[in-house]
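Report on the following structure.
The values are calculated or read from the model by the stated rules, or taken from the named source; none is laboratory data. All figures in this text were calculated on a predicted structure; none of them were measured in a lab. Cβ coordinates were reconstructed from backbone atoms using ideal geometry, including for glycine residues, and neighbour counts include every protein chain displayed. Heads up: the accessible areas ignore ligands, DNA and RNA and are worked out on the full protein's heavy atoms, side chains in. Shrake-Rupley method; radii C 1.70, N 1.55, O 1.52, S 1.80 Å.
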Number of protein chains: 2
Amino acid sequence: MKREKISELTTNRLSVYLRCLNELAAAGIKTVSSQELAEQFNLNSAQIRKDLGYFGEFGVRGTGYYIEDLRADLTKILGLDKPHRVGIIGAGRLGTALANYNGLSKSNFSVVALFDNDPNKVGEHVGHDRIPVFDAKKIAKVVRDEQIDVAVIAVPARAAQRVLNQVMAAGVKAILNFAPAPLKARLGVKVRTVDLTTSLESLSYFLAQPSSALVTNGNGVPASRAEITQADQTTL
Amino acid sequence: MKREKISELTTNRLSVYLRCLNELAAAGIKTVSSQELAEQFNLNSAQIRKDLGYFGEFGVRGTGYYIEDLRADLTKILGLDKPHRVGIIGAGRLGTALANYNGLSKSNFSVVALFDNDPNKVGEHVGHDRIPVFDAKKIAKVVRDEQIDVAVIAVPARAAQRVLNQVMAAGVKAILNFAPAPLKARLGVKVRTVDLTTSLESLSYFLAQPSSALVTNGNGVPASRAEITQADQTTL
């Protein structure tokens, strides 16, 4: 295993493979080949074999992958066999929506605290899990007490770097950032930014291109822009 | 202008530059050099000059960029001078949170419709803008009536491809997908996926690496994993 060289794109794909395998398992299927997996979920079979190849030998010739075994292996590789405790900084619309969103509470991530600097919000409880809202000044103490290892930044862009500095100082090393701002993290800390504005604006850019109006279906000769787009979204 | 060759990473960065310029303009600043812009917002000045260079000559030697002019140019390049009408498919937690989220309603995107197949939700109105929830069967008609040009998919993974097919059939060419599923779009349609699960799982992977535990501050000799991470997040 040469873990040092694994790119984020590879681990992103492992995450997708795991969800595909979960669906197959839920349907009672026991084995699957890379070919079948690719066909059923719009993936690339050579890519699947290459990505898994970084971590060991998983397939059995003539049979493919044993779904239960591969799920267990991927779960371990992605560190999903250990629970993570999440703190959300910013108890505004986005922060509370995220606290309520099942996608977060599902699997091994549980939201245990929200933080805000609005005195009207501090002391409140959010959602059906009644997650407490703490004073943002107490991040260091609550991170320690609640053993928070993942922080979600859901504050306005202008406050994001300050909040990141606070959570890094509190010892948090993995941060999911929703603020539309490029942030500077120190070494050994991973910041993953989910930027909804940029995503929307890239769609706006696409719609503003002359070729997006020209291509109305997939039957004609594809415009070069359309080809790029197709490639973009299938590579994931 | 060689628009055909502009990558999504470039347009993503233009989107970030625009927001940085908006902040400077709000602070009453009139001109900025690529160097100053880079320093203030953790960007790369050579990259800024290169990205803008695809679209024309914007800087003035000795002065830098005129902020108002560059904002207007970037707004136009990104197609943000035209309004977009957004339909959200899925009126569950995520869909309604997105309908309420100001990030979406800000700028030139306005959410005009939600869709769901739950009869208890159809006919309801969501949020303070009282956005109507339509029957998912009526997507084609509502897209036409409401001139929807951007669709947001906020349904479970298993329903996502079917919903994408529906909105493509209705003529929508730009789709923001929140379902954790790789989707197949036809040529001339752009799908941008925002996958919260994958983002969280990549943080989990990072925390599971031995080196993430070793590097506790930026003063020691950096582990190679930490170096990769730093590079990851500053390239945006």
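Quick look at the numbers
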{"quantity": "Residues satisfying the stated conditions in the range A:158-177, i.e. at the interface with chain B (Cβ under 10 Å from one of its Cβ atoms), under 26 Å from residue B:98 (Cα atoms) and open to solvent by 30 Å² or more (accessible area, probe 1.4 Å)", "calculated": "A:158, A:161"}
{"quantity": "Counted residues, the range A:108-142 - those being within 14 Å of another protein chain (Cβ to nearest Cβ) and not hydroxyl-bearing (Ser, Thr, Tyr)", "calculated": "7"}
{"quantity": "Candidate set from the range B:57-105 (those that are modelled with pLDDT under 90 and in contact with a Gly (Cβ under 8 Å, 6 or more places away or on another chain)); member that is nearest to residue B:151 (Cα to Cα)", "calculated": "B:99"}
{"quantity": "Evaluation of residue A:39 against (1) within 14 Å of chain B (Cβ to nearest Cβ); (2) more than 18 Å from the chain's Cα centre (by Cα); (3) in contact (Cβ under 8 Å) with a residue 40 or more places away in the chain (one fails), failing number", "calculated": "(3)"}
{"quantity": "Test result for residue A:141, out of contact with any Pro (no Cβ under 6 Å at 6 or more places or on another chain), at pLDDT 90 or above and buried (at least 24 other Cβ atoms within 10 Å of the Cβ)", "calculated": "no"}
{"quantity": "Count of the range A:178-190 residues which are modelled with pLDDT of 85 or more and either in a loop (DSSP other than H, G, I, E, B) or surrounded by fewer than 24 Cβ atoms within 10 Å (Cβ to Cβ) (or both)", "calculated": "9"}
{"quantity": "Every pair of residues 6+ apart whose Cβ atoms lie under 6 Å, when the first sits in the range B:135-159 and is closer than 18 Å to residue B:125 by Cα and among the acidic types (Asp, Glu) while the second is open to solvent by 20 Å² or more (accessible area, probe 1.4 Å) and part of a loop (DSSP other than H, G, I, E, B)", "calculated": "B:135/B:122"}
